[in-house]
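Peer 1: This is the structure I want to talk about, given as structure tokens.
The values are calculated or read from the model by the stated rules, or taken from the named source; none is laboratory data. No experiment lies behind these values; they were computed from the predicted model shown. Cβ coordinates were reconstructed from backbone atoms using ideal geometry, including for glycine residues, and neighbour counts include every protein chain displayed. Remember, those area values only see protein heavy atoms, side chains included, never the ligands or the DNA or RNA. Shrake-Rupley method; radii C 1.70, N 1.55, O 1.52, S 1.80 Å.
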Amino acid sequence: MSSPLDLSGPEERGERTEAQVPADSAEHPSDFETPSRAAPAPSEPPFAADAAEDDGFDDDDDDTEDAGPEVTDEILAATEALKAAEAEDAQAAAEAGDEAEEPEAVILEPEPEPAANEPELQAPTTTRTGEPAEIDPDEMDPDALKVVLRLHQHGHQAYLVGGCVRDLLLGKKPKDFDVATSAHPGEVRAIFRNCRLIGRRFRLAHVYFKGGKIVEVSTFRANPTELEPAAGAAAAEEGQSGEDLLITHDNVFGTAQQDARRRDFTINGLFYDAAEGRVIDYVRGRRDLDERFIRTIGDPEIRMREDPVRILRAVRFAAKLDLDIESRTYAAMEGAVEDLPRCAPARLLEETFRLIRGGVSAPALKLLAALDALKILLPPVDEYLRENGKEGEKTFYAFAQALDKRVSAGEVLDDAILLAALLVPISRAHPPVEESQDEGRASVSRVIEDLLAGFVESARLPRRIAERCRMLLLMQRTLSGERRRKTGAFRRHPLFNEALAVYAMTVEATDEGREALEAWQAGEVPPPRAGAAGGADAEGPRRKRRRRRRRRSGNGSGEGGGSGASSGSDAGEG
């Protein structure tokens, strides 16, 4: 008998590679997968794959305690594919040495408390002129402040940088706090005993604190194009000369001003000197924050051609912070969309997931559609919107809004659920062709199969996420009553709760199937829809059939094998 499928294993961190690390990102990519949702309640029996042995035979009418929809052959096949995908991902991670990239908790001790004779590190609440500090120290992370002030104590420049400064000035709570410094990575490690250096292309310092918190410290960098004498002239004539501006290396130390200028947008180029209590603005980012504009640092045509992923970052900031994109920057984004395929697919996919994870997928995807970028990032979504017109747009964005509502409410949804929720409208519009299934492998619509396969092959999406997404879409047909046959263990499937969450979003977006949803949530089984595949309505009144005895492993296959009490020694008797 197959063992129950276990989806609650630890997360696996993807290896940091050149293809994955943005050239100018102040916020480094997170894993493709967020923590998975809770498994079914312990009181529910585990899902057993051997339920397939009853295929083709109905249970007796009086076996009502196990009443429920059947775990169909396609869901069983998908379950096996998911188990194989998880095993393959685990093996690939081990071969790539992912475990060595991230330290275990026992390797480093958290930053110790200061000794009695050590001077206390405290950020001032006023500037040297006696004015209040531009950002209240109480609103900043105390451990990030400790890193900045310790670096100052050892004679280095050190500032809070990027998104944390931007968010604090906008009155928002930063997700994390990053530090930029004049100290080289080795010097940072010498100052903090709880520090580890990571990265291959550009070394970063991770300083560890209690509770698993990490403060990331980077050394000031310069834009490599500014260091080449001919780069400026070539860039200015890029439109005429066809000069390739795509940044392929970004591993040059620089000054604080150079580090600010190499960043993407003015609102992300702000530094905060906690020791002085003032904002350092080399790029006029304060002006754009006050005017609520997103503007590139430097010529927008050049900056977008250098790194087209900045298109997605601009869209994310506009949707997340409710800012407008400055007109020249928007025009440059439109022109650089054609360069998106030149970027590493893994970076494009990660930035796309960031849009969805942030609870602003509806406005962000609308903006990407206006830029004509969906045809590159999510081709099936672009095709669906073009084929179905205004009604299709209304339906698709209703799904995106239902997803955003849950993310904003703090629900923990893994990437498979996020992706499945956005693909449900496409799955409903393009039902699978039964004959297209290959040797019993579960299949959704061909356009979705191609999208998931492309993400796995070129964008480094873990296979387990693609398989989970496929299974969640398959299970929607049973939840909606479209595919109903016999009784079985569907409710005990490990992904039942996740599939029900996706179905709840479908009900909210379409206002259809609410009674079925309420029945599932109440622990009941809703009646099948009229004409459902394999349902009672499709084949007339249900006929009572004699239950076929399940063969025991090791027993003979001949008829008349005796009662269920027959022992293994009877195997092979005629």
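Peer 1: For the structure I just gave you, tell me whether R278 is basic (K, R) and either open to solvent by 20 Å² or more (accessible area, probe 1.4 Å) or at pLDDT below 95 (or both).
Peer 2: yes
Peer 1: If you scan region 479-495, which residues turn out to be within 23 Å of the chain's Cα centre (by Cα) and open to solvent by less than 10 Å² (accessible area, probe 1.4 Å)?
Peer 2: L495
Peer 1: Report, ordered by the first and then the second residue, all pairs with beta carbons closer than 8 Å, sequence separation of six or more or different chains, a first member in region 259-282 that is within 16 Å of K146 (Cα to Cα) and hydroxyl-bearing (S, T, Y), and a second member that is part of a loop (DSSP other than H, G, I, E, B) and open to solvent by less than 10 Å² (accessible area, probe 1.4 Å).
Peer 2: Y272/I135
Peer 1: Among what's in region 308-363 and is in contact with a strand residue (DSSP E or B) (Cβ under 7 Å, 6 or more places away or on another chain) and of a type outside the set (A, V, I, L, M, F, W, C), pick the residue that is nearest to A459 (Cα to Cα).
Peer 2: T329
Peer 1: A follow-up question, please. Among the residues of region 169-186, write down those that are crowded, with 17+ Cβ neighbours inside 10 Å and free of Cβ contacts under 8 Å to residues at least 60 places away in the same chain.
Peer 2: The answer is P174, F177, V179, T181, A183, P185.
Peer 1: Do you know which of the residues in region 269-292 that are part of a helix (DSSP H, G or I) and out of contact with any helix residue (DSSP H, G or I) (no Cβ under 6 Å at 6 or more places or on another chain) is nearest to Q153 (Cα to Cα)?
Peer 2: Ranking the qualifying residues of region 269-292, first place goes to R286.
Peer 1: D273 is checked against (1) within 23 Å of A332 (Cα to Cα); (2) more than 27 Å from the chain's Cα centre (by Cα); (3) open to solvent by less than 70 Å² (accessible area, probe 1.4 Å) and fails just one. What number does that condition carry?
Peer 2: (1)
Peer 1: Quick check on this structure: which one of A205, A231, A190 is under 22 Å from R263 (Cα atoms), modelled with pLDDT of 90 or more and small (G, A, S)?
Peer 2: On inspection, the qualifying residue turns out to be A205.
Peer 1: Hey, does region 462-478 have a residue that's at pLDDT below 90, surrounded by 23 or more Cβ atoms within 10 Å (Cβ to Cβ) and part of a helix (DSSP H, G or I)?
Peer 2: Taking every residue of region 462-478 in turn, at least one turns out to be at pLDDT below 90, surrounded by 23 or more Cβ atoms within 10 Å (Cβ to Cβ) and part of a helix (DSSP H, G or I).
Peer 1: From the set of residues in region 234-270 that are acidic (D, E) and either surrounded by 20 or more Cβ atoms within 10 Å (Cβ to Cβ) or modelled with pLDDT of 50 or more (or both), which is farthest from G335 (Cα to Cα)?
Peer 2: Checking each candidate, the answer is D259.
Peer 1: Which pairs have Cβ atoms under 8 Å, sit 6 or more apart or on different chains, and link a residue in region 496-513 that is within 15 Å of V525 (Cβ to Cβ) to one that is among the hydroxyl-bearing types (S, T, Y) and not in a helix (DSSP H, G or I)?
Peer 2: Y503/S480; G513/S480
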